[in-house]
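Working notes for the structure below.
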Amino acid sequence: MNRVISTLLLQRLVQAGLVAWVVGTLTFILTRALPGDMAFRIAAGRYGYEQVNAEAAAAVQAELGLDQSPLIAYFHWLSDLLSLDLGHSLVSGESVVSELAHQLGHSLDLALMAMLLALVIGVPVGILSGLRPNGWVDRLALVSAVALRSLPPFVIGLLLIMLFAVQLGWLPAAGHGGGSHLWLPAMALALGLAAVSARVTRHGMARVAGSPYYAFSRTRGLSEGQTLARHGLRNVAVPVIAYLSVQLVYLVEGVVVIESLFAWPGIGHALVHAVVARDVPMIQGTALVMGLLFVTLNTLVDLVSLYIDPRRRLS
Amino acid sequence: MMASRSPGLAPSVARFRWASSHTRRRLSHAQRWGISLLAALLVFAWVVPLFLDADPTRQDLMSTLAAPSLQHPLGTDHLGRSMLARVAAAIRLSLGLALLSVVTAALPGLLAGVTAGWRGGWCDRLLSTVADCVLALPGLLLVLMLAAIAPGNFWTLYIGIALVLWVEYFRVVRSATRILAQSPQVESSRLLGFGRWYIFRRHLWPELAPQVTTLAAFGAATSILAVSSLGFVSIGLKPPTAELGLMMTELFPYYQEAPWVLAQPVLALFFMVLSFHLLAGKEPQ
Amino acid sequence: MKAIMEVHDLSVTTSEGATLVWPISFTLEAGVPLTLLGETGSGKSLLAQALMGNLPPALNASGRVIIDGENLLEMPPQQRRRWWGRRMTMLPQEPWHALDPTMRVGAQINEGHRLVAGLEPAAARHAMYDDLEGLGLADSEFKLPAQLSGGMAQRAAFAAARAGNAPIVIADEPTKGLDSARRDDVVRLLAQALGSNGGLLTITHDIAVAEQLGGTVMIMRRGECLESGSAETLLKAPQSAYGQQLMAANPQHWLARHQHFNPADDTVLQARSVSLSRGGKSLFDNLTLNLYRGEVLGINGASGSGKSSLGDLLLGLVKPDAGKVERAPGIASTRFLKLYQDPPAAFSPFWSLGTLLHDLCRLHKLSWDSVPPLMERLGLAPDLLERRSDSISGGELQRFSILRALLLEPVFLFADEPTSRLDPITQQQTLELLVELARERHCALLLVSHDKALIDHACDRQLSLEAPIRG
């Protein structure tokens, strides 16, 4: 048991290392790909065109390590990254770590809420469809799932804004304030996730309901409800949880786009801003945290599935 | 205790067991819908503009957000550009990029997958590590960072998307090959003296082909969604390129004045992705 | 004698009107086991489901099934549902799959005592411990089904099914996939459970099960009952032609082999002090073995004893931990071949058998002329060539595998449980043909089987491997 957990954590740790390396390397290439006057323009962005001078541009150059030879700069870049020295934003001049600390909470709120909503909507629909395959619930769920999966989260977001914010005026369209601001962006992410979860649950439920152990539970005298509760749900949960790790890709990608759409002050929003402004330290910091968020959520999913499926605990 | 006998023979129940599951592959209902939808989109994007004098970038500030007319069958946008020309151009762009990246991803992915699954050993470990590097980050993040290196460039988008897509082929093909390489059917063909090419042709390919096609369809959808997502957050292609995500960002402010204009890129994107999902013919399980 | 279940003209039809089980009548008497004997696909399992009332929705049962004066088939489904586990229970075919894969074995037995029999939690736990103790599963309370051997899983399933104390037990192929020792254990359990007041209906294709249970036997074929009678008389002297065939197909009753093999012939293969271990357990150690052309060597042993691994090792598919295997020099490597346990697994399902056979002829520059006579000899109709491996029967496909091997004029053929997935009559025919053809063509045949009687009757020499663990 402990061995299984430690192997799993080790694998995720390796993945986290890979994330850091890939992000570090790509952002390093980015610093080298900046055109010559970029340092000057970035300095201008930070201090304003009037105040910019050679000294300010040199400070930006040093920040990016542009004054060093490529190989040495690369090692410096990676060792800074490993010591979690992420530098300062070229735009605001603030330390990247402190900016990220503000944003991470908002992104977590959004991601966890979206996952929760997706499961609350998707799983019951899937179970109902799976218990009566090809019934009307199943058909309706199939059509909605196909439609929802054909829309990217930002289009779902647009449609939700039009409906709930503009037409009905029930919920605020964008920004961040009370709890009501969370609903629309979380829902925009959750609907796509729920569509897939519902189908995975449906297939799992149908498979479990048709399995010999389900039939055996019934013929040996357990009632329908007891059979579903004791032998159905846990076995259905196994594929649903396993598939969640596939869906995390959708979730994290969605967070980037949805935060931008709803002006949600999270890491995804900051990442997009940083890319537009070519604020390299911020790109590195946000992409790194986004990637680590992905790894952490994956680890969580692993642990939940380990908890639910005792077979995985056998070494 | 008694037993009754009855006339005639019952149809053998055993027959049902042998009912063939591998009879000729036919396209499912959904797949046929997918093909028709895709064909309609292709005609709309490539053939229709031939009959109309329509330039997706020509502005006409005198007739902005115009309703559909003979001259502009789908109306005009906020700069008076023909929506028909723009939507058609955007579909050409999305489909072109999708097909290009799917094909470039499929070939190396298939090759690497078969090699890794068949040979195993260090070759498998090496290729799997490369795949793990790509998979460590969600694909869109990788494409986004590549796009940041050369903003607004079609080719960086293409390379980024193809780089993300090949891994899917690799993983699926590798695991299918691994299982098959150790199966009795391949073992028996080897004992009978058949070579590798024969085993690929008769055993592996028929098994892999449907999976590869499914992946290709999903890959095309992924690529279309990625391009439009990046366009939507303004880090993909740059104006005045007609790109669906970008068009939605540009047109959203005019949604209450001219909802039909905003609806066009939304529907085009929806139908494109839908056609590929239908074509894939599989559901997540 | 007390009748506890009377069945009158029970039949099963599809919703399109095809009859799958022809009207059948019998009486289940207290204390007397009733065994339905027949090949796979003869509708036996459907009959069991019809009696329980859990047929798939597309199938209908008609007739009368009377228990305590009530007709089961006319009972409202909910009422009948309440009888499950309490008045009648069903032992599943494949216990490994019938136990919840994600629940501990103890809990699965415990829930029967608590929820079906209605015991208090403490009493239910006691009953569970008693069950585990009595079935030799004392250390398995916290195991998952995947950690049990086939025999252990069947015993655990038995305890779970019986927890509600139902007097009537329907056992559907309870010994499927078990080797003979485990099979005998299960039969003993069934006989114990019957007691003097219970009813036991066993459905099986295994004649040994019917013999050991005794009581009454019915022979079924294609959904139709051919004859019935007491086990002693019926199994010794069946009246129906099919019954006679079936009894003759039992390896125990095969004619003893007369011609004896003379090992002065040439050696094909030699294993010199080979050893192999799997998962830290030694399967065999320092084994030396010679195989001669034209001889039939049998390897017998329980599952997990390494008999298939030994075959693979001799064929060169598995490397020994120590020692070596030498082939006679100057023989093409494609003349050392293998027949598989599961025939469909040995063919690509995407091509017609004819295509695959043409491929083989082209590769080895063989003339097609030798194919038709061999097909005839093996009882394969020419039109089978147009079909694919998944649309012909297992027996036909195994004979096709034999054909495919024989075309290359093998000198060594390793047959790994070649008939264990076939019904008894097909098994006998296939095996006889195989032995005959191998001998005729001077090919060494290595026959691996878990069935001791089969090895005894088909082979010139035999080797027995001990199972490393007994479960």
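The values are calculated or read from the model by the stated rules, or taken from the named source; none is laboratory data. Everything quoted here is computed from the prediction, not taken from an experiment. Every residue, glycine as well, gets a Cβ built from its backbone with ideal geometry; the counts of neighbours run over all protein chains shown. SASA here: full protein model, heavy atoms, side chains in, ligands and nucleic acids out. Shrake-Rupley method; radii C 1.70, N 1.55, O 1.52, S 1.80 Å.
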Keeping every protein chain in place, order C:293, C:222 by accessible area at 1.4 Å, biggest value first, i.e. largest first. C:222, C:293
Area of residue C:67 that stays accessible when all protein chains are in place (1.4 Å probe, Å², to 10): 10 Å²
Report Rg/Rh for region A:69-110, rounded to two decimals, where Rg is the Cα radius of gyration and Rh the Kirkwood radius. 1.12
Relative frequency of Cα-Cα separations exceeding 19 Å in region B:232-285, percent: 41 percent
Label-to-label distance, nm, for residues given as residue C:368 and residue B:27 (7 Å Cα→Cβ offset): 3.4 nm
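Using the structure shown, select from C:319/C:452; B:282/C:44; C:176/C:281 the pairs with a Cα to Cα distance greater than 29 angstrom. Let's see the in-between values first.
Numbers: C:319/C:452 27 Å; B:282/C:44 36 Å; C:176/C:281 26 Å.
Listed pairs above 29 Å: B:282/C:44.
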Round to the nearest 10 and give me the degree value, 0 to 90, for the angle of helix B:205-232's Cα axis relative to the longest principal axis of chain B. 20 degrees
Taking chain C as the reference, fit the longest principal axis to its C-alpha atoms, fit the long axis of helix C:353-363 to the helix C-alpha atoms, and give the angle between the two in degrees, 0 to 90, nearest 10. 20 degrees
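Hey, with R₀ at 56 Å, roughly what FRET efficiency would residue B:238 and residue A:14 work out to, going by the Cβ-Cβ distance, to 0.05? Kindly include the intermediate steps, with their values, before the conclusion.
On the way: r = 38 Å, r/R0 = 0.67.
With R0 = 56 Å, the Cβ-Cβ based efficiency is 0.90.
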Average beta carbon contacts from partner chains per residue of A:204-216, 10 Å cutoff: 4
Per residue of region B:32-37, in order, report the coupling 6.51 cos²θ - 1.76 cosθ + 1.60 (Karplus, θ = phi - 60°) as ³J(HN,Hα) in whole Hz, putting x for Gly and Pro. 5, 4, x, 5, 4, 5
Largest fluctuation, A:195, A:33, A:73 only, Gaussian network model of chain A with Cα springs under 10 angstrom, belongs to A:33
For region B:119-194 and region C:9-29, distance of Cα centres in Å: 54 Å
Please give the solvent-accessible surface of residue C:111 in Å², to the nearest 10, using a probe radius of 1.4 Å with every protein chain present. 0 Å²
Whole-Hz ³J(HN,Hα) for each residue in region A:264-279, computed from phi via Karplus 6.51 cos²θ - 1.76 cosθ + 1.60 with θ = phi - 60°, x for glycine and proline: what do you get? 8, x, x, 6, x, 4, 5, 4, 4, 4, 5, 5, 4, 7, 6, 8
Report, largest value first, the span of the C-alpha coordinates of chain B along each principal axis, in whole Å. 92, 61, 38
Sequence-distant lysines (8 or more away, or on other chains) whose Cα lies within less than 28 Å of residue C:365: C:338
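Which percent, to the nearest 5, of DSSP beta bridges fully inside the protein assembly as shown are antiparallel? Could you put the intermediate results ahead of the total?
Details: 38 of 76 bridges.
That works out to approximately 50 percent antiparallel.
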Just the C-alpha atoms of region C:15-78: what Rg/Rh do they give, with Rh taken as the Kirkwood radius? 0.96
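Normalised by the residues of region C:267-470, what does the relative contact order come to in percent, with Cα pairs under 8 Å and at least six apart?
Values: 363 pairs, mean separation 71.5, N = 204.
Averaging sequence separation for qualifying contacts and normalising by length gives 35 percent for region C:267-470.
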Distance between Cα centroids, region C:416-433 to region C:81-134: provide it in whole Å. 37 Å
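Using only alpha carbon positions, build the gyration tensor of region C:3-249, then give the equivalent ellipsoid semi-axes as the square roots of 5 times its eigenvalues, largest first, whole angstrom. Can you show the working numbers first?
Numbers: eigenvalues 174, 95, 53 Å².
Working from the Cα gyration tensor, I get semi-axes of 29, 22, 16 Å.
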Tell me the Kirkwood radius of region C:126-185: reciprocal of the mean inverse pair distance over distinct alpha-carbon atoms, in Å. 12.3 Å
Rounded to the nearest 5, the percent of DSSP beta bridges in chain C running antiparallel is 50 percent
Sort C:172, C:456, C:68 from largest to smallest accessible area, using a 1.4 Å probe on the heavy atoms of the protein chains. C:68, C:456, C:172
Which residues does the label zone of residue C:15 cover in region C:41-68, counting backbone N under 11 Å from a point 7 Å along Cα→Cβ? C:57-60
Looking at chain A as a GNM with Cα springs under 10 Å, which of A:184, A:297, A:82 has the largest mean-square fluctuation? A:82
Rank by packing, highest mean first: peptides A:57-64, C:266-273, with packing defined as the count of other Cβ atoms within 10 Å averaged across residues. A:57-64, C:266-273
Region B:116-175: spread of alpha-carbon positions along the three principal axes, whole Å, largest first, is 41, 16, 15
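Over all distinct Cα pairs, what is the inverse of the mean 1/r for region B:81-222, reported as the Kirkwood hydrodynamic radius in Å?
Values: mean 1/r = 0.0599 Å⁻¹.
It works out to 16.7 Å.
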Could you sort B:179, C:402, C:66 by accessible area so the largest value comes first, with the probe set to 1.4 Å? B:179, C:66, C:402
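Residues of A:265-273, mean number of Cβ from any other protein chain within 10 Å of their own Cβ, rounded to a whole number? List each step's numbers first, then the result.
Numbers: counts 0, 0, 0, 2, 1, 0, 6, 7, 2.
The shielding value for this peptide is 2.
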Nearest 10 degrees is fine. How inclined is helix A:70-82 to the longest principal axis of chain A, computing both from alpha carbons? 50 degrees
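Where both partners of a DSSP beta bridge lie in region C:267-470, what percent of those bridges are antiparallel, to the nearest 5?
Details: 14 of 33 bridges.
Around 40 percent of the beta bridges assigned by DSSP in region C:267-470 are antiparallel ones.
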Would you mind listing how long region A:101-314 runs along its three principal axes, going by Cα atoms, in whole Å with the largest first? 66, 45, 28
May I ask for log10 I(q)/I(0) of the protein assembly as shown at q = 0.06 Å⁻¹, from a Debye sum over the Cα atoms as equal point scatterers with solvent left out? -0.62
Per-residue mean of other chain beta-carbon atoms within 10 angstrom of the beta-carbon, peptide C:79-90? 3
Going by Cα centres, region A:93-138 and region A:183-220 are how many Å apart? 16 Å
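What is the Cα radius of gyration of chain C over 2.2 N^0.38 Å, N being its residue count?
Details: Rg = 24.8 Å, N = 471, 2.2 N^0.38 = 22.8 Å.
Working it through for chain C, the quotient is 1.09.
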Rounded to the nearest 10 Å², what accessible area does residue C:452 have for a 1.4 Å probe in the complete protein model? 90 Å²
The set of residues whose placed amide H lies less than 5 Å from the amide H of residue C:283, leaving out same-chain residues fewer than 5 positions away, is C:276, C:277, C:278
Distance in nm between label sites at residue C:60 and residue C:333, each 7 Å beyond Cα in the beta-carbon direction? 6.2 nm
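If you build the convex hull over the alpha carbons only and average its shadow over all orientations, what do you get for region C:158-207? Give it in nm² to one decimal. Could you put the intermediate results ahead of the total?
On the way: hull surface 14.0 nm².
Its average projected convex-hull area is 3.5 nm².
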Using only the Cα atoms of region A:202-295, each taken as one equal point scatterer with no solvent, compute I(q) by the Debye sum, divide by I(0), and report log10 of the ratio at q = 0.20, 0.22 Å⁻¹. -0.88, -0.99
